[in-house]
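K.L.:
There's a structure below that I have some questions on.
The values are calculated or read from the model by the stated rules, or taken from the named source; none is laboratory data. Bear in mind the structure is a predicted one, so any value in this text is a computation, not a measurement. As a convention, Cβ positions derive from the backbone with ideal geometry for all residues, glycine included, and neighbour counts pool all protein chains shown. For accessibility, only protein heavy atoms count, side chains too; no ligands or nucleic acids. Shrake-Rupley method; radii C 1.70, N 1.55, O 1.52, S 1.80 Å.
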Amino acid sequence: MYFTDLVQAYVEELKELYYLGCRNIQFDDPTFAFFCADSTIEGMEEAGVDSEKLFDTYIKVYNDILKNRPAELTIGIHTCRGNYKGMHYCEGGYDRVAKKLFNKLNVDCYYVRSHTYDAYPGWFTEMTPRSWSMTTIGLVVSNH
């Protein structure tokens, strides 16, 4: 019920923003980066949570929110490990999430940033020509 209500709330908000003239919306959602961290996955396993199923649920929620949006409404998503006084809240590369994030999440563009270069090595290979054409990658961080 929670996710159904969440989807409905966002659908209504997007409709209102579109009606008011907004044509470009960016979700700022570091939740996806939590799934990069071994410690998060281990904690989920200890709590009996299926991390893959939960990740799929998050993607489904976004896709349900966006499935009937107007064609002229561009949706982007920004995900990173957070930034509080130059510190991030989780570790790990995007490799674990890249395939689903870049191939199943139905957004128009991605804004991906990391605070460490070790987050990049393997996940580039999971990007399709479609996702490459709509991805901004933050490779330089100025807050250290």
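K.L.:
Just the number please: accessible area per residue for the stretch 1-110, 1.4 Å probe, all protein chains included, in Å².
P.N.:
Heavy-atom SASA per residue in the stretch 1-110 reads 59 Å².
K.L.:
Right, something else. Using heavy-atom solvent-accessible surface (probe 1.4 Å) with all chains present, what is the largest-first order of Thr74, Thr79, Thr40?
P.N.:
If we order Thr74, Thr79, Thr40 from most to least accessible, we get Thr74, Thr40, Thr79.
K.L.:
Cβ under 10 Å from Phe3's Cβ, Phe3 left aside: what net charge do those residues give with Lys, Arg +1 and Asp, Glu -1?
P.N.:
That sum, taken over residues with Cβ under 10 Å, equals -1.
K.L.:
Given a 1.4 Å probe and the protein chains all in place, what does the accessible area of Lys100 round to, in Å² to the nearest 10?
P.N.:
Around 50 Å² of this residue is reachable by solvent.
K.L.:
Tally up the carbon and sulfur contribution to the accessible surface of the stretch 1-104 as a whole percent, 1.4 Å probe, everything protein left in place.
P.N.:
Carbon with sulfur: 53 percent of the solvent-accessible area.
K.L.:
Moving to a separate point now. List the residues, sorted by chain then number, that are 5 or more residues from Ile77 or on another chain and whose placed amide H is less than 5 Å from its amide H.
P.N.:
Here Phe27, Cys109, Tyr110, Tyr111 satisfy the definition.
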